[in-house]
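The next block holds one structure in the form of structure tokens; read it before the comments.
The values are calculated or read from the model by the stated rules, or taken from the named source; none is laboratory data. Bear in mind that the values here come from a model prediction, so they are computed numbers and not experimental data. We place every Cβ from the backbone using ideal geometry, glycine too, and count neighbours over all the protein chains shown. With ligands, DNA and RNA removed, areas are computed over all heavy atoms of the protein, side chains included. Shrake-Rupley method; radii C 1.70, N 1.55, O 1.52, S 1.80 Å.
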Protein chains: 2
Amino acid sequence: MIPEHIKQFVDAFARLPSIGPRQAARLGYYLANQGTSAIQDVVDAVASLHHLTPCQRCFRVSHIADKKQNLCDICSHPGRNQKIVAIVEKETDLLSLEHTKKFNGRYLLLGEISRDGILTSAQKLRLNHLKSFVKNELGQAEEIILALAPTTYGDMDSSLIMDELKNSAIVITRLGRGLPTGGDIEFADDETLGSALEQRR
Amino acid sequence: MIPEHIKQFVDAFARLPSIGPRQAARLGYYLANQGTSAIQDVVDAVASLHHLTPCQRCFRVSHIADKKQNLCDICSHPGRNQKIVAIVEKETDLLSLEHTKKFNGRYLLLGEISRDGILTSAQKLRLNHLKSFVKNELGQAEEIILALAPTTYGDMDSSLIMDELKNSAIVITRLGRGLPTGGDIEFADDETLGSALEQRR
């Protein structure tokens, strides 16, 4: 009943985050009905991802700006302070921080936070890379900001990283906790309201 | 900041139904981080949709089972009653009906219901195709079932189609309205509860 090619499409797409088999089937049939040129647009768009490579300093996938050192546009930007490093989980988190226009340092992409409260070996490699960069180029970083999600696992990883990097920076900070702007005090959970009290200013 | 190739990916994916630009960006970065072979799997899966063609009788995109007449596996199945036709909006609706194992007729795929309460020219073409098939092959269909979504626009289109096909079938029916199995009477909306009363059995 379901054509083989739709099954192949569903298999591939249901593996992606936040797409289930039903949405995948809908997408596949939608595209198949749109016809050749719409299908080809999506093929080309996915294939274009082949051109992205991770920056050799921050590990985010990007277009390489400095081809000699394989650095992205942030890491090779002369106006950015290389002595202040924000550690983020993923590229979209980085974009949100950039969007605030309040950060002029650079980043380290940690990769997806695992659900078992330990650092993966890939994450340890990236942290070691940061450690030796700091040691060889700066002696010590001015500040390392742990900008991981304020969740149980994000907090666990932050503690581990703080320990790991304790000799690499003058200060290691985390993002502030408290009430989100526009939020409601009545409906704030205990953790959030407690943090807001502790971090009152 | 955002690499050109991610922008291209987001452009293509945000055009698909129920994917927004944020989810598209997350998907793009996720795939880019997964690396070459994961990207290629998705490329191949999308490209495989090129192999699907619409059945010449019901218009659903599918693998063609009867190559001489370009018919899908349902339309060319000798055990299916060609005199009973269910009109559905899309392939996934067809699959849900098939899943009930209570329908042994065949289908006509109408294509996406528009949000202005009229039939598109593509939809009129398909209905005309059904009309002439019925006229030439059957004289009259035993039954045409309008299996469109129970929404304002689905109902408007159903009325238009009922009018359009009034000479093509002995009876034209719609799917029953009432309480969904497992549903709650207390929380049923007025329309649903009203239909359930009218269609009590």
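Observations, loosely collected:
- Leading residue at positive end of dipole, the range A:1-70 (Cβ point charges), from A:Leu16, A:Val43, A:Asn33: A:Leu16
- Anisotropy class of chain A from Cα gyration tensor, a/c 1.5 cut: oblate
- Beta bridge orientation in chain A: antiparallel %, DSSP, nearest 5: 20 percent
- Magnitude of the charge dipole for the range B:46-174, about its Cα centre and with charges confined to Cβ atoms of Lys, Arg (+1) and Asp, Glu (-1), is about 380 debye.
- Linear extension gain, A:Ala149 paired with A:Met162, 0.36 nm per residue minus alpha-carbon span: 3.2 nm
- Exercise: per-residue mean of other protein chain Cβ atoms within 10 Å, B:7-13: 5
- For the range B:143-149, 3J(HN,Hα) computed residue by residue from phi via the Karplus equation (6.51, -1.76, 1.60; θ = phi - 60°) reads 7, 10, 9, 8, 9, 8, 4 Hz, glycine and proline entered as x.
- Inter-chain shielding of A:59-66 (mean C-beta neighbours from other protein chains, 10 Å cut-off): 4
- Across peptide A:20-30, the mean count of Cβ atoms from other chains lying within 10 Å of each residue's own Cβ comes to 5.
- Taking every protein chain into account, the 1.4 Å probe leaves B:Lys7 with about 90 Å² of accessible area, to the nearest ten.
- For chain B, a Gaussian network of Cα nodes joined below 10 Å ranks B:Phe13, B:Phe133, B:Phe59 by mean-square fluctuation, and the top entry is B:Phe13.
- Over the range A:56-201, Cα pairs under 8 Å with separation of 6+ residues give a relative contact order of 20 percent.
- Treating r as the C-beta distance of B:Leu179 and A:Ile2 and R0 as 25 Å, the FRET efficiency rounds to 0.25.
- Using a 7 Å Cα-to-Cβ projection, A:His63 label spacings across copies, nm, ascending: 4.1
- Farthest towards the positive end of the charge dipole of the range A:144-201, among the residues A:Ala147, A:Ala196, A:Ala169, is the Cα of A:Ala169, using unit charges on the Cβ of Lys, Arg, Asp and Glu.
- Simple label model, 7 Å out from Cα along Cβ direction - A:Ala65 to A:Phe187, nm: 4.0 nm
- Efficiency of FRET from Cβ geometry, A:Arg15 and A:Glu142, R₀ 35 Å, rounded to 0.05: 0.30
- Summing Lys and Arg as +1 and Asp and Glu as -1 over all other residues whose Cβ lies under 15 Å from the Cβ of B:Tyr30 gives a net charge of 0.
- Inter-copy spacing of A:Glu142 label points, which lie 7 Å from Cα along Cα→Cβ, given in nm from shortest upward: 8.1
- Each label point was placed 7 Å from the Cα along the Cα-to-Cβ direction; for A:Val171 and B:Glu98 their separation is 6.3 nm.
- Net +/- balance of residues flanking A:Ala45 in space, Cβ distance below 11 Å, scoring K and R +1, D and E -1: -1
- Rounded to the nearest 20 debye, dipole of the range B:60-126 from Cβ charges on Lys, Arg, Asp, Glu: 280 debye
- Antiparallel DSSP beta bridges within the protein assembly as shown, as percent of all bridges there, nearest 5: 20 percent
- The residues of the range B:124-194 present an accessible area of 63 Å² per residue when probed at 1.4 Å with all protein chains retained.
- Of the residues A:Gly183, B:Leu108, A:Ser158, the one whose Cα sits farthest toward the positive end of the charge dipole of the protein assembly as shown, with +1 on the Cβ of Lys and Arg and -1 on the Cβ of Asp and Glu, is B:Leu108.
- Accessible surface of the protein assembly as shown [probe 1.4 Å, protein heavy atoms]: carbon and sulfur percent: 51 percent
- The range A:61-108 and the range A:141-177 have their alpha-carbon centroids 17 Å apart.
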